[in-house]
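No value in this document is a laboratory result; all are computed from the given coordinates. All values derive from a computational prediction rather than experimental measurement. Glycine also receives a Cβ, built like all others from the backbone with ideal geometry; neighbour counts cover every protein chain displayed.
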Amino acid sequence: MDPIRFTREAGCLAGEFALAEVGRLRDELAGDQGVVTYRLAGALVRGRPALRLLVEADPTLICQRCLKPYVHPLHSEGVIFLAHNAAELERWESHDPLMDVIVAEAHMDVRMLVEDELLLSLPVAPRHEEGACQQTEIAQGAN
Ligand SMILES: [Zn+2]
C-alpha cells in the first residue's frame, strides 16, 4: 500500500492472522493458539499524515510468578506519523522525541507494522492478575 495516498484518502483496512505465523514472536509464546486482529486508518493528525493503528491479540504467555501458561489479552492503540523523507523525520523527532514516526515508503508492509506494534506491547514480565495464580499447585510443587 502507498501510505501517503492511504492517509489522503482516509483509507481504512482491517484483518487478522494467527499468532503462530509471527516468527519473531515464537520465543515469547507458550502456545500456538491465538490470533492478532488489527485496524489501520489513515488520517491527518495535527496537520501531518499519520496512521492510527489498533492491535488486539490473545497470546498465551508464561506467568513469571507461577510459571504456568495463561492467556494475556493485549490491546494497543497508536499513532504513527509518516514523514516524506529522512530529513523530515529528523526534524519532527527533534521537536518531539516521543513521536512515533517512520519514513513513508512507496509500498508499506502492513503486516510488519502490526507485528512491530504487537512486539512492543508485550509485557516485560508477564504474570497472572494479582491473586489469580494457582497457589495449590505451587504448594504441591514445593513439597
Ligand atoms: Zn501465575
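Structure summary
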quantity: Order by protection proxy (mean Cβ within 10 Å, highest first), peptides 113-122, 73-82; calculated: 113-122, 73-82
quantity: Principal-axis tilt of helix 110-121 within the chain, Cα atoms, nearest 10 degrees; calculated: 50
quantity: Between helix 86-95 and the chain: long-axis angle, C-alpha atoms, 0 to 90°, nearest 10; calculated: 70
quantity: Partnerless Cys - the chain, beta-carbon criterion under 4.7 Å; calculated: 12, 63
